[in-house]
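The values are calculated or read from the model by the stated rules, or taken from the named source; none is laboratory data. Everything numeric here is computed off the predicted structure, so don't read it as measured data. All Cβ positions, even for glycine, are placed from backbone atoms using ideal geometry, and neighbour counts span all protein chains on display.
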Amino acid sequence: MNQAEGDNPRDASWVIVDTPLSLPALREFCADIERLFRINPYLEFQHWQRTGADSIHAGFRNLSNQQRVELDLCVERESDDAFALLYRAGIKTRTRFVLEAAGAGSRLTITDEYAGMPPAGREERLHEVDKSLTAWGWALHEYLRREQRWGGCAPWRWYMRRWWLPMTPGARRITYMLVLLTAAELVLVLLVATIYWIENRG
């Protein structure tokens, strides 16, 4: 995964995510826009509602800048491999997604654009800039790597899509720690049982 941020002629930040999925599989994955956004580990969603065929209302807390946000989004479809979400308010103008084939897999480029507001206005609202883009790219990279490996397993799909995705970032971290602790306890129990069996066998 590669990323770049900072001032440029378009006043944008972007992240490039290399994925193991084929281009058609990546297209299918990106068709679920809500899932794309929920994978972002800094967004704590209150609601996500489709208000039309290509319009969305979303409410969340962005932990990267501590902003509580209510957004009305419009989906702009450029082609099969490029689309954008237009923001009707706020400092961010749009988030653009570009898909392309890359070697044995595919590549997803996500660009946050801020050029819709005059420079003076942007300077006054720099605290609203979304700082989660890099973390989002890494989270997508890891999710898609696991999707390629375990996506054919029905229990994994059920857990990730029905249980993990709706969780808040904090709940995901707690669940991860509980899984690790449970696995460690299981290993310890098996180790004690093995030692007991060996001693009694002798």
Q: Go through the residues of segment 130-143 one by one and say whether even a single one is in the same structural domain as ARG88 (by TED's automatic domain parsing), over 23 Å from ARG61 (Cα atoms) and not in a loop (DSSP other than H, G, I, E, B).
A: no
Q: Please state which one of LEU71, LEU108 is at pLDDT 95 or above, assigned to a strand (DSSP E or B), assigned by TED's automatic domain parsing to the domain that holds GLU124 and not basic (Lys, Arg).
A: LEU108
(Q) Whether any residue in segment 27-43 is in contact with a strand residue (DSSP E or B) (Cβ under 6 Å, 6 or more places away or on another chain), part of a strand (DSSP E or B), in contact (Cβ under 8 Å) with a residue 24 or more places away in the chain and under 20 Å from PRO166 (Cα atoms) is what I want to check. (A) yes
Q. In segment 1-54, what residues are modelled with pLDDT under 90 and either of a type outside the set (A, V, I, L, M, F, W, C) or in contact with a Cys (Cβ under 9 Å, 6 or more places away or on another chain) (or both)?
A. ASN2, GLN3, GLU5, GLY6, ASP7, ASN8, PRO9, ARG10, ASP11
Q | GLY170, sole failed condition from (1) more than 22 Å from THR19 (Cα to Cα); (2) at pLDDT 95 or above | A | (2)
Q. Being modelled with pLDDT of 70 or more, among the hydrophobic types (A, V, I, L, M, F, W, C) and more than 14 Å from the chain's Cα centre (by Cα), is that true of even one residue in segment 143-152?
A. yes
